[in-house]
Amino acid sequence: MTGGRGRRLAIALPYLWLLVFFALPFALVAKLSLSHTVLAMPPYAPRLDPSRGLAGVGEFLHGLSFTTYARLGSDRLYVAAYLSSLRFAAIATAILLVIGYPIAYGMSRFGPRAREALVMAVILPFWTSFLIRIYAWIAILKPAGLLNQALDLVHLAPLDLLDTNTAVIIGMVYAYLPFMVLPLYAVLEKQDASLIEAARDLGCTATQAFWRVTFPLSLPGVGAGCLLCFIPMVGEFVIPDLLGGSRTLMLGRTIWTEFFADRDWPAASAVAIVLLATLAIPIALFQRQQAKVLS
Amino acid sequence: MRRPSDARGPTAFNLASVALGLTFLYAPIVLLVLYSFNASRLVTVWGGFSTRWYGALLRDQQMLDAVWVTLRVGLISASAATVLGVLAAVALVRAGRFRGSGVFAGMVYAPLVMPEVILGLSLLLLFVSLGLPRGFWTVTVGHTTVTLCYATVVVQARLSSFDRGLEDAAQDLGCTPLKAFLLVTLPNIAPAVAAAWMLAFTLSLDDLVIASFTSGPGATTLPMRLYSQVRLGVNPEINAVSTLLIGVVAAGVIAAWLLQQRRRDA
């Protein structure tokens, strides 16, 4: 597709599609976050009236304001939801790294055929419905669930985990584990064994060789895995909604509730913009890495 | 190059971490499948083997309708996303730097990690502003937009390792650029294109959040239906429909994997 026309078409079609269905909608969210709610359908004002020409545009711009943001900033519930979203995502990412690293490292130690099968085994749950995998945990964690039946068999006290923050962390670690393991595995699998041998020849113990050679060299994978988990987890909706309690506050859930239950579209949009602004730097880092890996 | 794994095999610690990791990943799924064959209405109390919940599923018209909607949305959006994804991958790998190429790459990679709630909300606002009634087609467009990014990445990875000289050679032998692409490049990247389609289809099949925002009356997808049932509590019929879904997807993925293995061994 080096030909001029074909090339332009290859670029133009997906480009236009993403402009219309990805970029433009974001401009609309930004605009709506500056609007206020009214009892109408759609439930917000001001609305741009193109038939009135420039006067309409002026009136429209005049009607926009930052009051929704001010309202969110002064409401303890929104601030708490914001902070707890970041906390949930950070805790879950840290746990994922600690349990994902040994798994990825262990996988990289197998022979080539076994490695391929193991990668497949880690990817397969990702292809299985997210909703269903989270649903499976309800039956495990609920009061008379499978976990407590197992605890009862070994005469341990039951745990009341469903509808708690612990359950949300368990769900997040479970659902995002492949996203942590695969980038880590990708860098560990490529590492040159002679580097470790050299470190050992120079007198390093196995542990020292790991911390001085293997781990530093795997940092790009650590970065990729953490970003790939942290960013979507901050805005997670399904996990806190199904496994968390009514007091589990997360922004993804706030947006959902504002939108579907309270019909406060400007508030939902403002929360989305705040969430996006918070994630802008990690997303930019992720994009840079993605572009580097793929080109 | 020698790899650590070639030098010495996995230690006991390596074996244990991989085994524990896989157990953690698969135990909940295995339990869910097991309990779909439970005779008891109580999901977590074993009451003997039975297939009654699969029978109940076949008589649940709302569930069947949702399956049908989901399949149609998935087929159409995955096909559109794959076509757009191949074009986008070609643009990213072959076009080099063009005006707005940075913005383009940004728009392709951002939805991969963007929280779904934001994507759903923004798409919904677009449809409302355009005055489009929400339903089947708005969900399809929403899914196409998100899955096209995944499709692009899959095709791009394959395309960037493909030897461009082959396409140049075809053009030197008199092919038009389009013909060279269709006859030389496309067959070479075909496995990646197939994988991209499957990924897009599976993601569409699975999506709850974007569908909930962009759907309207008469276009309830299977995840939306499941979600409203799950909120009411666990019930064995959900286990049954989940098992079927897991079975279909797992069979497809494993078949694709084996096919690729055989081609490489041949």
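Report yes if B:ARG59 is exposed (fewer than 14 other Cβ atoms within 10 Å of the Cβ), under 29 Å from B:PHE136 (Cα atoms), more than 8 Å from chain A (Cβ to nearest Cβ) and over 27 Å from the mean Cα position of the chain (by Cα), otherwise no. Before you say what the answer is, go through the steps one by one.
On the way: exposed (fewer than 14 other Cβ atoms within 10 Å of the Cβ): yes; under 29 Å from B:PHE136 (Cα atoms): yes; more than 8 Å from chain A (Cβ to nearest Cβ): yes; over 27 Å from the mean Cα position of the chain (by Cα): yes.
Answer is yes for this residue.
Which members of the stretch B:132-150 meet the condition of being more than 10 Å from chain A (Cβ to nearest Cβ) and among the small types (Gly, Ala, Ser)?
Within the stretch B:132-150, just B:GLY135 meets the criteria.
I'd like the full set of residues that are more than 16 Å from A:VAL181 (Cβ to Cβ) and either more than 9 Å from chain A (Cβ to nearest Cβ) or in contact with a Phe, Trp or Tyr (Cβ under 8 Å, 6 or more places away or on another chain) (or both), limited to the stretch B:9-29.
Scanning the stretch B:9-29 gives B:GLY9, B:ALA12, B:PRO28.
Evaluate the stretch B:8-19: report whether one residue or more is assigned to a loop (DSSP other than H, G, I, E, B), of a type in the set (D, E, K, R) and either open to solvent by less than 30 Å² (accessible area, probe 1.4 Å) or without any contact (Cβ under 8 Å) to a residue 12 or more places away in the chain (or both). Break it down stepwise before answering.
Here is the first cut: in the stretch B:8-19, the residues assigned to a loop (DSSP other than H, G, I, E, B) are B:8-11.
Add one more test, that the residue is of a type in the set (D, E, K, R), and what stays is B:8.
Remaining after also requiring either open to solvent by less than 30 Å² (accessible area, probe 1.4 Å) or without any contact (Cβ under 8 Å) to a residue 12 or more places away in the chain (or both): B:8.
The answer is yes; a qualifying residue exists.
Suppose we filter A:ALA136, A:ALA117, A:ALA121, A:ALA167 for residues that are among the hydrophobic types (A, V, I, L, M, F, W, C), within 24 Å of B:THR243 (Cβ to Cβ), more than 12 Å from every other protein chain (Cβ to nearest Cβ) and assigned to a helix (DSSP H, G or I); which single one remains?
Numbers: A:ALA136 fails: more than 12 Å from every other protein chain (Cβ to nearest Cβ); A:ALA117 fails: more than 12 Å from every other protein chain (Cβ to nearest Cβ); A:ALA121 fails: more than 12 Å from every other protein chain (Cβ to nearest Cβ).
None of the others qualify; the one that does is A:ALA167.
Could you run through the stretch B:151-164 and say how many residues are surrounded by fewer than 22 Cβ atoms within 10 Å (Cβ to Cβ), not in a loop (DSSP other than H, G, I, E, B) and not aliphatic (A, V, I, L, M)?
Of the residues in that region, 2 qualify.
Check B:PRO187 against each of (1) open to solvent by less than 10 Å² (accessible area, probe 1.4 Å); (2) free of Cβ contacts under 8 Å to residues at least 24 places away in the same chain and name the one condition it does not meet.
B:PRO187 satisfies every listed condition except (1).
Of all residues in the stretch A:122-156, which are surrounded by 15 or more Cβ atoms within 10 Å (Cβ to Cβ) and farther than 26 Å from B:ASN38 by Cβ? Break it down stepwise before answering.
As a first pass, look at the stretch A:122-156 and keep what is surrounded by 15 or more Cβ atoms within 10 Å (Cβ to Cβ): A:122, A:124-142, A:145-148.
Of everything in the stretch A:122-156, those that are surrounded by 15 or more Cβ atoms within 10 Å (Cβ to Cβ) and farther than 26 Å from B:ASN38 by Cβ turn out to be A:VAL122, A:PHE126.
Test B:LEU178 against the criterion of being assigned to a helix (DSSP H, G or I), touching a helix residue (DSSP H, G or I) at 6+ places or on another chain (Cβ under 7 Å) and modelled with pLDDT under 85, and give yes or no. Quick ask: steps written out before the conclusion?
Values: assigned to a helix (DSSP H, G or I): yes; touching a helix residue (DSSP H, G or I) at 6+ places or on another chain (Cβ under 7 Å): yes; modelled with pLDDT under 85: yes.
For B:LEU178, the condition - assigned to a helix (DSSP H, G or I), touching a helix residue (DSSP H, G or I) at 6+ places or on another chain (Cβ under 7 Å) and modelled with pLDDT under 85 - is met.
Scanning for something within 30 Å of B:VAL33 (Cα to Cα) and open to solvent by 60 Å² or more (accessible area, probe 1.4 Å), does the stretch B:235-247 turn up at least one residue? Don't jump to the end; show me each part of the working.
Here is the first cut: in the stretch B:235-247, the ones within 30 Å of B:VAL33 (Cα to Cα) are B:235-247.
Pick out the ones that are also open to solvent by 60 Å² or more (accessible area, probe 1.4 Å) and you get B:244.
Yes, the stretch B:235-247 contains a residue that is within 30 Å of B:VAL33 (Cα to Cα) and open to solvent by 60 Å² or more (accessible area, probe 1.4 Å).
Do any helices (runs of 4 or more DSSP H) entirely within the stretch A:190-293 hold 1 or more residues that are within 14 Å of the chain's Cα centre (by Cα) and more than 10 Å from chain B (Cβ to nearest Cβ), and if so, which?
On the way: elements: A:193-201, A:206-209, A:219-234, A:238-243, A:251-256.
In the stretch A:190-293, the matching helices (runs of 4 or more DSSP H) lie at A:219-234, A:238-243.
The values are calculated or read from the model by the stated rules, or taken from the named source; none is laboratory data. Quick caveat, the model's predicted, so the values are computed rather than measured. We place every Cβ from the backbone using ideal geometry, glycine too, and count neighbours over all the protein chains shown. To get the accessible areas, we keep the full protein, side chains included, count just its heavy atoms, and leave off ligands, DNA and RNA. Shrake-Rupley method; radii C 1.70, N 1.55, O 1.52, S 1.80 Å.
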